[in-house]
Structures are given as C-alpha cells and as structure tokens.
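J.: Structure incoming, see below.
Since every read-out is calculated from the coordinates, none of them should be taken as a lab result. Here the structure is a predicted model, which is why all the values come from computation and not from measurement. Here the Cβ is made from the backbone with ideal geometry for all residues, glycine too, and neighbour counts use every protein chain on show.
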Amino acid sequence: MTVPEDPSVAGWYRYGPAPGSPEGSAVLVGHVDGETGALGEFAALYDVRRGDRVEVRRAEAAPVVYRVVSRATAPKDELPPAVFRRTGDPVLTLITCAPPFEPARGGYLANLVVTAEPVRE
C-alpha cells in the first residue's frame, strides 16, 4: 500500500472497496506529519473517539457519513488482514502513523487504525 507523500492528501487502497461501497473495508491512509513537522490531515485521528462522525467527500458521488466504532494501534508491519477485507458489512478504515517515533529505525513504528460504520439516514 502506497501512502501519498504529501501529508495533506489521503490515499485510497485501490484493491479494496471504495468509500460508500455496500460491503467490505474501504481503506484510506495518510501521514500524521511531514518531514518539516507540519501536521497532516490524518493527525486529527489522534483525537477521534468512538461515536465521532467522519464524512468522506467523493468526486463523483454524494458524501458518505460514518460513525467511529473503534480505534487501535498495531505494529507497522502487522496490520490485521480484516483491515483489507472485500466482503462483509461495510466499514471505513482510516490508517495513519502512531508512536513510537524512532528516526534510526525509519520513523513511526506503529499504525493507528480507526474503524467507522456507515450512518444509515
């Protein structure tokens, strides 16, 4: 999975469902910060809590609204396979970097994984 270099841009895991799909895990990834220390869009995930609203704006369709149901951290190279599932109930999975930060070992060593379910209106 390639994460966009620009911390102000989120990337979509194109081998899985898109946000708003009727099933599976739509995965969006982004950086917490850039090399200059400027915060990225996904830095806000550090403050997200269960029940918070997340809106995904799409170029060719209406926005999709989700509610956060969980947040967890995982070692950078050990994301659970369920994060990338293509079937089952629809969810939005947001992934960003998480501490510890160790420059000598390549930067952040963990990921913050936020899962949200669609809001049925």
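J.: Counting only C-alpha contacts under 8 Å and six or more residues apart, can you give the relative contact order of the chain as a whole percent?
T.: Averaging sequence separation for qualifying contacts and normalising by length gives 27 percent for the chain.
J.: Still on this structure, I have one more. Could you tell me whether the stretch 67-121 comes out rounded, prolate or oblate from its Cα gyration tensor? Rule is a ≥ b ≥ c as square roots of the eigenvalues, rounded for a/c under 1.5, then prolate if a/b exceeds b/c, otherwise oblate.
T.: Prolate shape, in that a/c is at least 1.5 and a/b is the bigger ratio.
J.: Taking the chain as a Gaussian network, where each spring joins two C-alpha atoms under 10 Å apart, which residue of P63, P81, P99 fluctuates the most?
T.: Sorting by GNM fluctuation, first place goes to P81.
J.: In nm, to one decimal, how far is the A38 label point from the T73 one, both placed 7 Å along Cα→Cβ?
T.: 2.7 nm
J.: Turning to a different aspect of this structure: How much of the DSSP bridge set in the chain is antiparallel, in percent, rounded to the nearest 5?
T.: Just about 85 percent of them are antiparallel.
J.: Show me, bin by bin at 5 Å from 0, the whole-percent P(r) of the stretch 10-53 based on Cα pairs.
T.: Reading upward from the zero bin: 5, 19, 18, 22, 21, 11, 4, 1.
J.: Using the basic label-point model (7 angstrom from Cα toward the beta carbon), what is the F84 to F101 distance in nanometres?
T.: Label-label distance for F84 and F101, simple model: 2.7 nm.
J.: Take the Cβ-Cβ distance between A59 and S8 as r, set R0 to 22 Å, and report the resulting FRET efficiency rounded to the nearest 0.05.
T.: E(calc), rounded to 0.05, equals 0.85.
J.: Tell me, what does the Kirkwood hydrodynamic radius of the stretch 1-112 come to in angstroms if you use every pair of distinct C-alpha atoms?
T.: Kirkwood radius, the stretch 1-112: 14.7 Å.
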